[in-house]
Amino acid sequence: MGTYIIKTSRSLDGKTIVLGITGSIAAVRCIELARELRRNAAEVHAVMSEAARKIIHPESMRYATGNPVITEITGNVEHVDFCGIEGRADLLLIAPCTANTIGKIAHGIDDTPVTTFAATAFGSDIPIMIVPAMHGSMYDHPIVIENIGKLTQLGVEFVNPVTEEGAAKIAGNEEIVLRVERAVGKNTLSGKKIIITGGATAEAVDPIRILTNRASGKTGVELAFEAYRRGADVTLVHGGCLGIQGICEFYAQSAKDMSDSVIEELDNGYDLLISAAAISDFTVKPSNSKIKSGTQISLLLEPAPKLIKEVRSKYPDLKIIGYKAETGVVEDELIKRARESMEISKLCMVVANDVSSGGMGTDDNDVYIIDDSVKQVSGSKRDIAGEIMDKVELILRNE
């Protein structure tokens with residue numbers, strides 16, 4: 001799975017997450033998980049089983065959450081306060097969740113604080129998300145599989161584990177937070193299908209060397225994350241691999257790979273294409289063998305396929321957002337060129353920037369979002385992705 005970082009934000013502001021912790025060694029990860037949820041402005045309350053308390057001390061979770069830890073159900077009826085009808089919780093997140101706890105919840109057994117919270121949440125329609133962690137052979141047990149299937153049918157959302165070294169390890173904290181953001185979000189893009197291109201493409205010169213550019217792909221990733229947070233069905237075509245459940249990915253190396261992948265996938269029906277990739281303008285006929293070092297050669301560069309042109313030819317009514325990168329131009333000229341591209345390709349919006357002053361390979365950017373109006377946005381690429389998705393909501397709402 002690729003390395004990625006989800007920046008902190010106010011995405012969970014006003015949301016109360018109950019973090020149920022059971023007796024897996026992965027419980028040691030819950031301190032940082034709770035902190036990540038809080039960094040995104042969530043209110044977090046931990047509930048621990050007796051087995052969990054043998055692995056991690058409740059005071060550690062009190063530090064991580066900033067709230068007293070629930071280790072037993074008392075006369076304060078904590079399970080009702082949080083997960084009862086009109087309870088305070090927006091989500092019950094059980095992470096890590098053992099095979100034992102999954103089985104108990106699936107069969108209505110209520111004998112730990114965590115299972116009590118789960119039973120109460122079921123009766124109150126409070127969403128439940130389970131993040132399993134256990135030995136690989138336990139995760140493959142047919143009864144465990146049956147229990148997961150039963151709970152899934154009842155509306156429980158599972159964040160699948162990472163299977164490696166013979167263990168079904170708990171998913172990464174970044175992915176769990178992303179799934180939580182989607183689960184408790186407004187789902188303003190629910191039912192919409194969005195395909196996004198991101199990053200650089202690379203043209204082979206020989207079996208070893210390539211022609212490429214400085215694009216990192218961070219913009220495409222942040223756009224995919226933001227569309228996913230808002231409930232969209234998201235496909236990302238790029239040269240990386242995130243491995244995020246729920247985000248469909250296609251690997252594309254060359255400009256032709258990217259064009260072919262996008263056009264083929266569009267046959268499945270999409271509401272919007274966001275062409276954010278820095279696609280090569282030129283390609284070259286590669287040598288079948290390594291070009292000898294020290295050899296002086298000339299490369300004949302040929303125009304690479306133009307993705308938007310090909311897509312527009314085959315899908316004349318598809319809504320498309322394009323990107324326009326220039327260097328060393330004044331603001332008026334940048335906007336003028338972006339509007340020309342918008343008119344030629346019949347785009348509904350263009351995001352333009354002068355990359356000579358930054359943006360390629362960085363975490364921050366300064367762009368102009370251009371449709372009927374012009375809006376300059378500076379900040380992190382996550383913040384910019386949020387501004388773009390605000391526009392996308394309006395575009396798709398007016399279909």
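The values are calculated or read from the model by the stated rules, or taken from the named source; none is laboratory data. Predicted, not measured: the structure shown is a model, and the values here were computed from it. All Cβ positions, glycine included, derive from the backbone under ideal geometry; neighbour counts span all protein chains shown.
Residues that are under 20 Å from the mean Cα position of the chain (by Cα) and small (Gly, Ala, Ser) do not occur anywhere in the stretch 262-273. Only a single item in (1) of a type in the set (D, E, K, R); (2) closer than 30 Å to Ile208 by Cα; (3) surrounded by fewer than 15 Cβ atoms within 10 Å (Cβ to Cβ); (4) modelled with pLDDT of 95 or more is not met by Glu265, and it is number (3). The set of residues in the stretch 100-125 that are in a helix (DSSP H, G or I) and of a type in the set (A, V, I, L, M) comprises Ile102, Ile105, Ala106, Val114, Ala118, Ala119, Ala121.
The residues of the stretch 202-221 that are buried (at least 20 other Cβ atoms within 10 Å of the Cβ) and either of a type in the set (A, V, I, L, M, F, W, C) or closer than 17 Å to Val355 by Cα (or both), listed by number, are Ala215, Gly217, Lys218, Thr219, Gly220, Val221. Annotation: of all residues in the stretch 28-46 being of a type outside the set (A, V, I, L, M, F, W, C) and within 24 Å of the chain's Cα centre (by Cα), the one that is surrounded by the fewest Cβ atoms within 10 Å (Cβ to Cβ) is Glu32. Scanning the stretch 1-34 for residues that are in contact with a strand residue (DSSP E or B) (Cβ under 9 Å, 6 or more places away or on another chain), modelled with pLDDT of 95 or more, under 30 Å from Asp383 (Cα atoms) and not in a helix (DSSP H, G or I) yields a total of 7. Search the stretch 343-363 for residues being part of a strand (DSSP E or B) and touching a Ser or Thr at 6+ places or on another chain (Cβ under 8 Å), and hand back the single one that is farthest from Lys309 (Cα to Cα). Selected residue: Asp354. In the stretch 99-126, of all residues being among the charged types (D, E, K, R) and closer than 20 Å to Ile143 by Cβ, the one that is surrounded by the fewest Cβ atoms within 10 Å (Cβ to Cβ) corresponds to Asp111. Every listed requirement among (1) surrounded by fewer than 20 Cβ atoms within 10 Å (Cβ to Cβ); (2) without any contact (Cβ under 8 Å) to a residue 60 or more places away in the chain; (3) β-branched (Val, Ile, Thr) is met by Thr16 save one, (2). Taking the stretch 364-379 as the search range and keeping residues that are polar (S, T, N, Q) and surrounded by fewer than 16 Cβ atoms within 10 Å (Cβ to Cβ), which one is farthest from Glu340 (Cα to Cα)? Step by step, filter the stretch 364-379, then rank; the result is Ser378.
When Asp372, Asp366 are checked against the criterion of being assigned to a strand (DSSP E or B) and of a type in the set (Asp, Glu), a single residue qualifies: Asp366.
Residues checked against (1) of a type in the set (A, V, I, L, M, F, W, C); (2) without any contact (Cβ under 8 Å) to a residue 60 or more places away in the chain; (3) surrounded by 23 or more Cβ atoms within 10 Å (Cβ to Cβ):
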site	(1), (2), (3)
Met48	yes, no, yes
Pro58	no, yes, no
Gly66	no, yes, no
Thr71	no, yes, no
Thr74	no, yes, no
Val77	yes, yes, no
Glu86	no, yes, no
Leu93	yes, no, yes
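Does Ile73 satisfy being farther than 25 Å from His135 by Cβ and in a loop (DSSP other than H, G, I, E, B)? When the stated conditions are applied, Ile73 passes them. Here Ile291 does not fit the description of being in a loop (DSSP other than H, G, I, E, B) and buried (at least 22 other Cβ atoms within 10 Å of the Cβ).
The number of residues in the stretch 310-333 that are of a type in the set (A, V, I, L, M), at pLDDT below 95 and not in a strand (DSSP E or B) comes to 2.
Of everything in the stretch 235-254 that is of a type in the set (A, V, I, L, M) and farther than 14 Å from Glu175 by Cβ, the residue that is farthest from the chain's Cα centre (by Cα) is Ala252.
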